[in-house]
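Remarks on the structure that follows.
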Amino acid sequence: MRVVIAEDLFLLREGLVRLLEAHGFEIVAAVGTAPELLTALIQHRPDVGIVDVRLPPTHTDDGLRAAIEARGEVPGLPVLVLSQYVEQLYARELLADQAGGVGYLLKDRVFNDEAFTGAIRTVAAGGTVLDPEVVQKLLSKHTDGKPIARLTPREREVLALMAEGRSNAAIAQRLHITEKAVSKHAAGIFAKLDLAQSDDDNRRVLAVLAYLET
Amino acid sequence: MVGLCAVGHDGRVGFNAVLLIIIVLVSYPVAWWRDGCPGAIRGHIRARSWGLLLPPVALMYAGVSTPHHWLVIAEVPAGCLIMIFAPRAARKIVPFALLGLALVGVVLARRFQEGFFEQYQYGLVLADAGSSRKFLVLPESGLFLIAGLWVSTRVRAPGSKWITAIVRRWWRSRGGGVLPGQELLLLLVMVLTILLTHNWLGNYGLTPEESVVLNVAAGVGAMMLVFRSRLWAATAAAAGLVVLGTYGILVAIYWPGMPGRWYGVVALDTEGHAFFGGIIEGTVLLTLGVWLAPRVMGQHLGLREAELAARAERLTERVQTLTQTRSDAVDTAAAELRRIERDLHDGAQARLVALGMSLQAAERLFKSSPEAALALVSEAKEASSRALTELRGLVRGIYPPVLADRGLADAVKALALDTPLHTVVDIDLPGEVEMPVGSAVYFAVAEALTNAAKHSGARTIRIQLHYEHETLRAEVIDDGAGGADPEQGTGLKGVERRLATFDGILAVSSPPGGPTIVVIEVPCALSSPKISSC
């Protein structure tokens, strides 16, 4: 799998490169600034770009902006955004184009390399992976009068795990139910959120987006 | 509007009688009947109020025109019809009709003086060249003017707010005073100047230029009276008295015996009249002016000193406020640094030490017991994760990253998203605020949101952020139970102190039953909007 990495701190960048190479990813470019990232993403069209939110030149959210801009040029270009902190605001902006292939995780999720590489693969496959911290805040949100309010508590649990990027099998395992039951819940969620028939992956992205809009 | 030519009054009585009958015998009973006759007359009058004046005012207009032009006569029945069928419109028309009538009076008097006609009817006065009644026309016009202004404020006619504001301002103006009613003195001088212009200046029929100059002078005096203060009124009165008095004495000495010319109340027809009249009258005016002038000047000086003293007091107060807020700011900053140091010391630093120890133990165990070493490494990983979480919390408390990245508007949006309640955000910031101000406002809004989410029981929170009149204004409004006491809890107090450093304020309105409104205002400048760059 071809990967572009953007991280301005040398040590972290090298650490990421080593980690991913050890797991069999092919690093086509590892850059340290936002303009370089934009060029690399558009030139190499990697299977996934791994991007730090805060990058030079302004050291604010240049990485995020570059990622969104690149997805404007190459629709659906998968990007996994890493940050020292997570904001629902940024999650919304990343998902706004409804194309999927978006990940948004805290940097320390890298410590669990299995989960991390799993997230990279989910994003590369067009899925959506939101950090549990973002999802946690969504769970505590009051939803009166919103379509989300129509979901049963179980369905909300399933949707939260879906937002974290887990597969039906993983959700089934986590909730101690059968995979079939998860599919049923998922169908219920899609119906209640008025998501038209389309391929399952796309509906999952739209459901997560609807969840963020609460 | 109205034909202003008025010659003779033959046949007027007949016409006026007809018009009067229309008003008294027809229109009022009809209006009364429409209001539910035989209801109480008093209630009927109260309901229609000032509108009832419209027919007689229309009649006054009709009176000035001879021969009766059909348009003018039509005014009376029109006024009656409006009074009967459109009482609201009648109320609004009356003040303007009265003001128009005042204007008509001035124009008539002027044309009469220029010899356009020998006799005319104006309101209640029938003026002709031979009688002294002609002097009543201008006072009557003044009465119409005052009545028009008064009624316009009562019926809240368009523009009446200005009149009320001006009167209030004059009423409140405190410039000190030499005499209790010195503004009345000025008014007297003005009235004498305007009404007896031809007398004071010794000639009938002023040229237009003279008239303009006099009216401008009177206008300036009026402006002082209305806008500045009683002291300025006295100043203008003193100057006016000195000028008029001096003029009278000079006239008596150098140009006695001018038949047909007047000085004030004295005719200058013979030398004796002129000398004694001019000298006495002029001396009285001059004495009054000279007596008044130094007192006025003294008052001016006293006022200046009082102004300086007030300014010094304001500055002293300002210095006190600044000293207080600066010392608060220094204390807050010091306390904040201590808190950060303690958090780092007990939190992240301690965890990093533990992490190092775990790794060191793992290193030792690697060969003898790889399993145990692995467990220790996992533990170290967990510890580093927890240290990061704590650091994240700490950083958010110091300067929220989203504020650093995106500025205040997006940071407040992010706050709203993180609030568990339903939020409505309305932000209109044409630029970006300075970092310290943005941070203070951010934490103020955050505190208000936390309080609303915790205590109010609200369902919806509305957050507004606007910039107007060089002031940043944030409002957090929840639809909860209200009754919040801003005195309780240290959170809002701390926020208030922090805002005070920037001359900002925080106000809480929370009546029992809600809604709770927290207003934050900070005077500040905006920089140009952030330019997005990649």
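Long-range amide H contacts for B:TYR122: which residues qualify at under 5 Å (H placed 1.01 Å from N, peptide plane, sequence gap of 5 or more or a different chain)?
Sorted by chain and number, the residues that satisfy this are B:ALA127.
Which lysines, if any, have their Cα less than 18 Å from the Cα of B:LYS161, not counting same-chain residues under 8 positions apart?
Hits, sequence-local ones excluded: B:LYS92.
Using only Cα positions of region A:157-214, each an equal point scatterer, no hydration layer, compute I(q)/I(0) via Debye at q = 0.21 Å⁻¹ and quote the log10 values to two decimals.
Here the Debye-derived log intensity ratios amount to -0.74.
Once both axes come from the Cα atoms, what is the angle between helix A:10-22 and the longest principal axis of chain A, in degrees from 0 to 90, rounded to 10?
60 degrees
Using θ = phi - 60° and the Karplus relation 6.51 cos²θ - 1.76 cosθ + 1.60, list the HN-Hα couplings for region A:154-165 in order, rounded to whole Hz, with x at every Gly or Pro.
Once θ is set to phi - 60°, the couplings for region A:154-165 become 5, 5, 5, 4, 4, 5, 4, 5, 4, 5, 6, x Hz.
Evaluate Rg over Rh across chain A, taking Cα atoms for both radii and Kirkwood's formula for Rh.
My calculation of the ratio gives 0.98.
Any idea how far the Cα center of region B:83-100 sits from the one of region A:70-145, in Å?
Centre-to-centre distance over Cα atoms comes out at 70 Å.
Give me, ordered by chain and number, the residues 5 or more places off B:CYS524 or on other chains with an amide H under 5 Å from its own placed amide H.
Here B:THR471, B:LEU472 satisfy the definition.
On a 0 to 90 degree scale, rounded to 10, what angle separates helix A:113-124 from the longest Cα axis of chain A?
80 degrees
Pull up the cross-link candidates among the lysines for B:LYS367, meaning alpha carbon to alpha carbon under 21 Å and not fewer than 8 places away within one chain.
B:LYS381
For A:VAL51, what residues show an amide H to amide H distance below 5 Å, using hydrogens built from the backbone and excluding near sequence neighbours?
A:ALA6, A:LEU80, A:VAL81, A:LEU82
Any idea how many Lys pairs in chain A come in under 23 angstrom at the alpha carbon, given 8 or more places apart or on separate chains?
8
Rule-based calculations on the coordinates, nothing more; no lab input. Just so we're clear, the structure is a prediction, and the values are computed from it rather than from any experiment.
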